[in-house]
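A.B. asks: This structure is in structure tokens; I'll ask about it shortly.
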């Protein structure tokens, strides 16, 4: 009797199993169709990414290990790591002053822009018509770099506004852009001034996110304005401050247009930065291999700085 009932029992067990397999297959086909549709929609963006980023990046990597004067692709001569070795060889100006100027420019920009934007954002947060003030400070961002650079260039002239103010205060004129000791700090001031607007927007948004109950509790405890700023505002504003540091530092490392407009890397090589040196190697000297090698060195520096700052940003953000 067991043998008679077994086939029927097996048949009843197989029916749900077959239905489940068919449902799983249907779900699998539906997922595959969705994936195909998704990739079709992504295809234009992926194609753009491949043509304008992946291919140029691969070609730049090839050029960094080659000698090429441009135009004729048949003239590419592989040289291995010779271009990188030349950048750091004795007598090369890439490490000092070019890369040194780049780091100093970026650090100076971050320090001035962060301090200035923090001061402005704190003041705006206590004023009426905050939208108007934020708009006014944001205007340099939407102004072209060429216009900003030329205006400040004339302001730095011996008969310009800055020296006029110094003379009115009883101080002598300063050759800001003509003196190697003052040229780089003078351009740093302009870059920081032009960057304050975007930083102010971020910091004012961060200030708005600080709960007012903290300030009320501090007032009840008798805390002064300085104590409130140091013990409450700065710790809670830390994620916004670190984000400003990251963006400003990356902008400073890649600065090019403002240097070209104001000093062209001079006087001498006092304001020569990595982006300007790459431009000169490629378009002035026709040495595309060295220019590409310098670009990858700068890429490594930017990547290292970004990873460190993101690590700090993540830790401090979690702590905050």
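A.B. asks: Sort through 207, 177 and tell me the only one that's in a loop (DSSP other than H, G, I, E, B) and in the same structural domain as residue 153 (by TED's automatic domain parsing). Outline the logic, then answer.
C.D. replies: Details: 207 fails: in a loop (DSSP other than H, G, I, E, B).
Among 207, 177, only 177 is in a loop (DSSP other than H, G, I, E, B) and in the same structural domain as residue 153 (by TED's automatic domain parsing).
A.B. asks: Can I ask one more? Test residue 258 against the criterion of being in the same structural domain as residue 123 (by TED's automatic domain parsing) and either under 24 Å from residue 104 (Cβ atoms) or under 25 Å from the mean Cα position of the chain (by Cα) (or both), and give yes or no.
C.D. replies: Yes; evaluated as a whole, the condition is true for this residue.
A.B. asks: If a residue has to be in a helix (DSSP H, G or I), loosely packed, with under 12 Cβ neighbours inside 10 Å and at pLDDT below 90 to count, how many in the range 137-172 make the cut?
C.D. replies: 2
A.B. asks: Please work out if residue 60 is in a helix (DSSP H, G or I) and either touching a strand residue (DSSP E or B) at 6+ places or on another chain (Cβ under 9 Å) or in the same structural domain as residue 266 (by TED's automatic domain parsing) (or both).
C.D. replies: Criteria not met by residue 60.
A.B. asks: Pairs, please: C-beta under 9 Å, at least 6 apart or cross-chain, first residue outside the structural domain of residue 210 (by TED's automatic domain parsing) and on the phi > 0 side of the Ramachandran plot and in the range 114-137, second crowded, with 16+ Cβ neighbours inside 10 Å and not in a helix (DSSP H, G or I)?
C.D. replies: Cβ pairs passing all conditions: none.
A.B. asks: Of everything in the range 99-128, what is surrounded by 11 or more Cβ atoms within 10 Å (Cβ to Cβ) and outside any helix (DSSP H, G or I)? Give them in sequence order.
C.D. replies: Correct list: 125 only.
A.B. asks: If a residue must be under 16 Å from residue 64 (Cβ atoms) and part of a helix (DSSP H, G or I), how many such residues does the range 276-311 contain?
C.D. replies: 21
A.B. asks: Only one of these conditions is not met by residue 96: (1) farther than 24 Å from residue 301 by Cβ; (2) surrounded by 10 or more Cβ atoms within 10 Å (Cβ to Cβ); (3) at pLDDT below 90. Which number is it?
C.D. replies: Answer for residue 96: the failing condition is (1).
A.B. asks: Looking only at the range 251-269, count how many residues are surrounded by fewer than 21 Cβ atoms within 10 Å (Cβ to Cβ), on the phi < 0 side of the Ramachandran plot and not in a helix (DSSP H, G or I).
C.D. replies: 5
A.B. asks: Is one or more of the residues making up the range 181-204 assigned to a loop (DSSP other than H, G, I, E, B), within 26 Å of residue 264 (Cα to Cα) and either in contact with a strand residue (DSSP E or B) (Cβ under 9 Å, 6 or more places away or on another chain) or in contact (Cβ under 8 Å) with a residue 60 or more places away in the chain (or both)?
C.D. replies: Checked against the condition, which is being assigned to a loop (DSSP other than H, G, I, E, B), within 26 Å of residue 264 (Cα to Cα) and either in contact with a strand residue (DSSP E or B) (Cβ under 9 Å, 6 or more places away or on another chain) or in contact (Cβ under 8 Å) with a residue 60 or more places away in the chain (or both), the range 181-204 yields no hits at all.
The values are calculated or read from the model by the stated rules, or taken from the named source; none is laboratory data. Everything quoted here is computed from the prediction, not taken from an experiment. Here Cβ is always computed from backbone atoms with ideal geometry, including for glycine, and neighbour counts include all displayed protein chains.
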